[in-house]
Amino acid sequence: MLLAEIQKTGTEFELPIEFTLFAFFTFGVTGALAGLRRGYDFIGVVFLALITAGGGGLIRDGLLISEGPASIVTNGEYVIVVVVAALLTSLFHRYVYRLNKVIAIVDALGLGAFAVHGVQRSLDAGLSVPAAILGGTLTAVGGGLLRDILVREEPLLFKPGQFYALVAIGGCCLFLALRRWAVLTPKEAGLITIVVVATFRLLAIRFNWRTTALYSEPPAPSP
């Protein structure tokens, strides 16, 4: 019932293509930087950039939707922009490190954009509201999860740290709430959500808002 009411509020939300490409570019830069830190060659850097930028969509579509390939492999523009991001990062990585604040801002915008995009894709596929929240969250943070697994590091998603996945989950819920209860078009709801998610993410960085471990020490195993 709730899903039907949300879907009646207007047409699907589509991010402007320029913003989507910018988000893929930024996530590609973060993936390329991870590859450079590990000493990978150009092929490894490009592959890690592609996984970081498109991995969330791959997980979402593979596990939840299963209606064909993810957009990263069907839209050539996305692949091209990520490869360009990897190339530029490889050539100018010394300067990229000086743009940490700019990258943080764009990454925060991309987090909101991919969360909204993932929720909308999940709704379009007929998934329930809880599944749509999961789909949006996977889209936003799944690429970073795959990146960490591929480089054999403990995924940052699972460790205490600055609010990231929580912000994405909140953004998914906000988008659905605005679609359901606010007199807004899907585009307006999406843009508001992106701004709110980016703002909270940047505030978390600025004031170091962090999650904490459930136990200061791991609990003893049961006898």
Excluding ligands, DNA and RNA, the carbon-plus-sulfur percentage of the accessible area of the chain with a 1.4 Å probe reads 66
Whole-Hz couplings from phi, Karplus 6.51/-1.76/1.60, listed for region 37-45; x for Gly and Pro: 5, 8, x, 6, 7, 5, 4, x, 5
Å² per residue, accessible surface of the chain at 1.4 Å: 54
Quick check: the distance between the Cα centres of region 132-189 and region 30-71, to the nearest angstrom? 16
Computed over the Cα atoms of region 80-132, what is the ratio Rg over Rh, Rh following Kirkwood? 1.19
Simple Cβ-charge dipole of the chain, Lys/Arg +1 and Asp/Glu -1, about Cα centre, in debye nearest 20: 620
Computed over region 125-168, the convex hull of the Cα set has an average projected area, in nm², of 3.5
Quick check on packing: order 161-171, 112-122 by the mean number of other C-beta atoms within 10 Å, highest mean leading. 112-122, 161-171
Using θ = phi - 60° and the Karplus curve 6.51 cos²θ - 1.76 cosθ + 1.60, what whole-Hz ³J(HN,Hα) does each residue of region 83-92 get, with Gly and Pro shown as x? 4, 4, 4, 5, 5, 5, 5, 5, 7, 10
Given Cα pairs under 8 Å that are at least 6 residues apart, what percent is the relative contact order of the chain? 25
Karplus-derived 3J(HN,Hα) from phi for region 202-213 (6.51 cos²θ - 1.76 cosθ + 1.60, θ = phi - 60°), whole Hz, x at Gly and Pro, runs 5, 5, 4, 5, 5, 9, 6, 6, 9, 7, 10, 5
Kirkwood Rh over Cα pairs of the chain into Stokes-Einstein at 4 °C, 1.567 mPa s: D in µm²/s? 72
For region 42-140, report the convex hull volume of the alpha-carbon atoms normalised per residue, in Å³, without decimals. 91
Using a/c under 1.5 as the rounded threshold, could you call region 106-210 rounded, prolate or oblate? The axes a ≥ b ≥ c are square roots of the C-alpha gyration tensor eigenvalues, and prolate needs a/b larger than b/c, oblate otherwise. oblate
What does the helix-only formula give at 222 nm for the chain: each DSSP H stretch with n ≥ 4 adding -39500 (n - 2.57), the total divided by the residues, and the result rounded to the nearest 500 deg cm²/dmol? -23500 deg cm²/dmol
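The values are calculated or read from the model by the stated rules, or taken from the named source; none is laboratory data. Note that the coordinates shown come from a computational prediction; the quantities given were computed from them, not determined experimentally. Cβ coordinates were reconstructed from backbone atoms using ideal geometry, including for glycine residues, and neighbour counts include every protein chain displayed. Side chains included, ligands, DNA and RNA excluded: accessible areas come from the protein's heavy atoms. Shrake-Rupley method; radii C 1.70, N 1.55, O 1.52, S 1.80 Å.
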